[in-house]
1. Would you check if there is a residue in the range 72-79 being of a type outside the set (A, V, I, L, M), surrounded by 17 or more Cβ atoms within 10 Å (Cβ to Cβ) and at negative phi?
2. Taking the conditions exactly as written (surrounded by 20 or more Cβ atoms within 10 Å (Cβ to Cβ) and either in a helix (DSSP H, G or I) or of a type outside the set (Val, Ile, Thr) (or both)), does Ala110 satisfy them or not?
3. Considering Gly131, Gly163, Gly156, Gly179, which residue is touching a residue at least 40 places away in the same chain (Cβ under 8 Å) and either farther than 18 Å from Arg237 by Cβ or buried (at least 18 other Cβ atoms within 10 Å of the Cβ) (or both)?
4. Could you grab me the full set of residues in the range 209-229 that are in contact with a Lys or Arg (Cβ under 9 Å, 6 or more places away or on another chain) and crowded, with 19+ Cβ neighbours inside 10 Å?
5. Restricting attention to the range 81-95, which residues are buried (at least 24 other Cβ atoms within 10 Å of the Cβ) and either in contact with a Leu (Cβ under 8 Å, 6 or more places away or on another chain) or over 19 Å from Arg147 (Cα atoms) (or both)?
6. If you go through the range 182-225, how many residues are in contact (Cβ under 8 Å) with a residue 40 or more places away in the chain, of a type in the set (Asp, Glu) and either closer than 21 Å to Gly91 by Cα or not in a helix (DSSP H, G or I) (or both)?
7. For the range 166-176, enumerate the residues that are assigned to a helix (DSSP H, G or I) and buried (at least 23 other Cβ atoms within 10 Å of the Cβ).
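Please treat every number below as a calculation from the coordinates, not as lab data. These numbers come from a predicted model, not from an experiment. Every residue, glycine among them, receives a Cβ derived from its backbone with ideal geometry; neighbour counts consider all protein chains shown.
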Amino acid sequence: MSDGPGSASDDAGSTNDDPEAVAAECEFVDVRVDDRVERVTTVVLDRPEKRNALNAQLRSELIDVLGAVGGSEARVVVLTGSDEARAFVAGADVGELRERDVDTQREHMAPPRVYDALTELPQPVIARLNGHALGGGCEVALACDVRIAREDAKFGQPEINLGLIPGGGGTQRLARLVGDDRAMELVLTGRLVDGAEAARLGLVTEAVPADALDDRVYDLASSMAAHSPVALAAAKRAVRAAAERPLADGIDHERELFLELFATGEKDEGIDAFLEDREPRWRS
């Protein structure tokens, strides 16, 4: 129950279009810039009649919006479902999948994909998991950098119940988060877990009561957004490399990213602010 078509955007993060202007042309995706925290952009999925099920249009719109956000001044991105949808993403649009044969589905799974757009976004992405994230929706959450969930939200990869398997990175990212044995059990049974169990397993970063979700998400976003956007992007790339590279290669990659920051001037500002006991004034 995962993936969809390419987007009109050539590459996530490649456009300088204003995110709000791009979202204004979308039916199922909204953008709120600095709504709760300065330098934090919230991307809202809003297809309430289908509980944000990922159809071709929603996927395309989300990729376009993420492309605009990637080129914006946002330092942190929050991805969530609308309150009206009562879900983060309930899954893929099964009706669309039923009508496709293998060749058609292969075309719809060609890059760019929503999951890649999230991982390649320079800003850290916090998933505000305000409701169920199942199948492709769970894969969207797994592609984010941090996941904060309601305790009563449900998570899982139930594709096996439809004679399918996860196709948006679920088998790979889930195993890296919860371990091979637990991922195998969840994928082979299609069992769903609530937010509290998901947190114990490591599928989500933290689970909180529903009335504490916004405070926790935006407190976390604020603490990230206080830092240099150049350093945030480098840190995201370095940590993600740990899941993608052998240890020696990952350490080499980390060293190069560390050295690159010496050429930005942000390092000097950060150290000067520390020595002068003041808040740093980041350039962007």
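1. Yes, the range 72-79 has at least one match.
2. For Ala110, the condition - surrounded by 20 or more Cβ atoms within 10 Å (Cβ to Cβ) and either in a helix (DSSP H, G or I) or of a type outside the set (Val, Ile, Thr) (or both) - is not met.
3. Within the list Gly131, Gly163, Gly156, Gly179, the selection yields Gly131.
4. If the condition is that a residue be in contact with a Lys or Arg (Cβ under 9 Å, 6 or more places away or on another chain) and crowded, with 19+ Cβ neighbours inside 10 Å, then Leu213, Val217, Tyr218, Ala221, Met224, Ala225, Ser228, Pro229 are the ones that fit.
5. Those that are buried (at least 24 other Cβ atoms within 10 Å of the Cβ) and either in contact with a Leu (Cβ under 8 Å, 6 or more places away or on another chain) or over 19 Å from Arg147 (Cα atoms) (or both): Gly81, Ala85, Phe88, Val89, Ala90, Gly91, Ala92.
6. Within the range 182-225, residues that are in contact (Cβ under 8 Å) with a residue 40 or more places away in the chain, of a type in the set (Asp, Glu) and either closer than 21 Å to Gly91 by Cα or not in a helix (DSSP H, G or I) (or both) number 2.
7. Listed by number, the residues that qualify are Gly170, Leu174.
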